[in-house]
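This report refers to the structure that appears directly beneath it.
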Amino acid sequence: MVIKVFLASSSGSTAIKKKQQDVVGFLEALKVDYAQLDIACNEENRMWMRQNVPEDKKPANGIPLPPQIFNEEGYCGDYDTFFDAKEDNSVYAFLGLPPPPGSKEAEQADKAHIVENGNHAEEILDDSIEVPVEERNGDAHVEEEQAEEADEEEGEGGEEEAEEEAADDEATEEETAGDEAPAEEEEEAVGETDEAQAEEEEQEEEAE
């Protein structure tokens with residue numbers, strides 16, 4: 001793509017000459033490839049420029065004045081629109097060219113693209129959005145859950161141990177009761193034997 005700048009080399013207007021120099025000098029500073037087309041010495045250039053400037057961009061008298069800027073056959077604008085683009089750091093967009101990497105215009109284009117996609121790096125989180133406890137507390141929440149589970153397991157284990165101890169106590173009482181019963185029976189048997197012996201001795205004494 002070639003940028004075409006239509007100029008009047010022999011213009012008697014100082015304002016037009018200054019505008020032409022401003023456009024050419026800025027394009028050279030940007031190292032943009034362009035071609036100068038003189039309308040003062042070339043009737044074809046002058047006619048082509050007048051025919052291809054859009055009607056709504058022409059002045060009241062219908063004769064557009066240089067400089068006029070085109071990208072191949074496409075109309076870019078006149079000096080005023082070029083100046084506005086220069087002030088806005090959007091000359092490449094004005095010329096229909098991609099901005100070079102690292103330029104201010106490229107950085108602005110990247111920022112605009114980020115904002116349009118909704119992926120701005122400086123997004124502010126909405127406090128009204130609820131964040132799950134796991135995400136807010138991280139590992140601390142997991143540790144709390146583990147501690148609660150451990151306490152529950154200990155509680156269950158304690159109940160089981162208490163039940164086992166109660167069962168052992170009952171068994172011990174039954175055994176103790178079983179031991180006491182034979183002891184009482186033995187005492188009664190011993191008492192009966194002593195009484196029988198006493199009766200036998202009395203009978204023997206009477207017999208004598």
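Where does each of THR14, THR81 land when they are ordered by accessible area, with a 1.4 Å probe and the largest first?
Numbers: THR14 110, THR81 55 Å².
Order by accessible area, largest first: THR14, THR81.
Between segment 23-42 and segment 74-111, what's the alpha-carbon centroid distance in Å?
16
Compute the distance in nm between two label points, each set 7 Å from the Cα along the Cα-to-Cβ direction, one at SER9 and one at ASP56.
3.6
As a test question: what accessible area, to the nearest 10 Å², does ASP88 have when a 1.4 Å probe is rolled over all protein chains in place?
About 100 Å², ignoring ligands and nucleic acids.
Once you've got the Cα coordinates, tell me which of LYS31/LYS104; LYS31/LYS86; LYS4/LYS31 are over 18 Å apart.
On the way: LYS31/LYS104 15 Å; LYS31/LYS86 15 Å; LYS4/LYS31 14 Å.
Cα-Cα > 18 Å for no pair; all within.
Please report the accessible area of MET1 (heavy atoms, 1.4 Å probe, ligands and nucleic acids excluded) in Å², nearest 10.
150
Along each principal axis of its Cα atoms, how long is segment 3-116 end to end? Whole angstroms, biggest number first, please.
In descending order, the Cα extents are 47, 28, 23 Å.
Using r as the Cβ-Cβ distance of ALA29 and HIS113, and R0 as 30 Å, what FRET efficiency do you calculate, to the nearest 0.05? If you can, show how the numbers build up before the last one.
Working: r = 26 Å, r/R0 = 0.87.
Result of the calculation: an efficiency of 0.70.
How much length, in nm to one decimal, is gained on full extension between ILE16 and ASN42, taken as 0.36 nm per residue of separation minus their Cα-Cα distance?
Numbers: separation 26, 0.36 × 26 = 9.36 nm, distance 1.77 nm.
Net length gain for the segment: 7.6 nm.
The values are calculated or read from the model by the stated rules, or taken from the named source; none is laboratory data. Model, not experiment: these values are computed from the prediction. In this analysis, Cβ positions are derived from the backbone assuming ideal geometry, glycine residues included, and neighbour counts consider all displayed protein chains. The accessibility values were calculated without ligands, DNA or RNA, using every heavy atom of the protein model including side chains. Shrake-Rupley method; radii C 1.70, N 1.55, O 1.52, S 1.80 Å.
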